[in-house]
Each structure stands twice: as C-alpha cells, then as structure tokens.
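The values are calculated or read from the model by the stated rules, or taken from the named source; none is laboratory data. The structure displayed is predicted, hence computed values, not measured ones. Here the Cβ positions follow ideal geometry from the backbone for every residue, glycine too, while neighbour counts run over all protein chains shown. For the accessible areas, the whole protein counts, side chains as well, though only heavy atoms, and no ligand, DNA or RNA atoms are used. Shrake-Rupley method; radii C 1.70, N 1.55, O 1.52, S 1.80 Å.
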Amino acid sequence: MQILTEAEFNRQLGNPSAGYLFFGDEDYTKLHAIARLREAVCPDPAAAAFDDIRFTALDFTASRLLDALEPPPML
C-alpha cells in the first residue's frame, strides 16, 4: 500500500483507478477528500444512488466488499 500526499491524490483524481483508505485524525480533511473522489468517480447524483456503496468500520467485512464489487455498475 502506498501512502499518498495530498498533491499526489489530487493528481490521481483526474483518472482514479485504485481503492483508497482514508485514515487519520482530521475528519474534515477525510470527508472533503471522499466527497471529491465521489464527484470524480460518479458526478451524477442520480447514478450515485445506485453505484455508491459505503462501508464504515462497524459494518465492513471482506465478504460484503466482495459482494459489492461483483455486480457491474448500474449507470
């Protein structure tokens, strides 16, 4: 796993092609980065309702992740 700087992450937003794990103490910074990534990947809010799957530390399991990755995006 590679740890990205903010500048490297910003460069990758033009063509996101990886999974990202946001961690650290700065909740605002994490939420802002996640919102920017969602906008880059799925700019249409209507499509996001079908294609945006969220996990938290409390409900994440490897099997739930695999289940989410198997079906192709709807829109």
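Evaluating kT/(6 pi eta Rh) at 25 °C and 0.890 mPa s, with the Kirkwood radius of the chain over Cα pairs in the Stokes-Einstein relation, gives 177 µm² s⁻¹. The modelled label-to-label distance between residue 54 and residue 7, using points 7 Å beyond Cα along the C-beta direction, is 3.2 nm. Ligands, DNA and RNA aside, residue 20 has an accessible area near 60 Å² when probed at 1.4 Å.
Once the C-beta distance of residue 15 and residue 46 is scaled by a Förster radius of 25 Å, the resulting FRET efficiency is 0.65 to the nearest 0.05. Run the accessible area of the chain with a 1.4 Å probe and give the carbon-and-sulfur part as a rounded percent. Of the solvent-accessible surface of the chain, carbon and sulfur hold 60 percent.
Summed over the residues of the chain and divided among them, the accessible surface reaches 85 Å² per residue at a probe radius of 1.4 Å. Taking each DSSP H run with n ≥ 4 as -39500 (n - 2.57) and averaging over every residue of the chain yields -14000 deg cm²/dmol at 222 nm.
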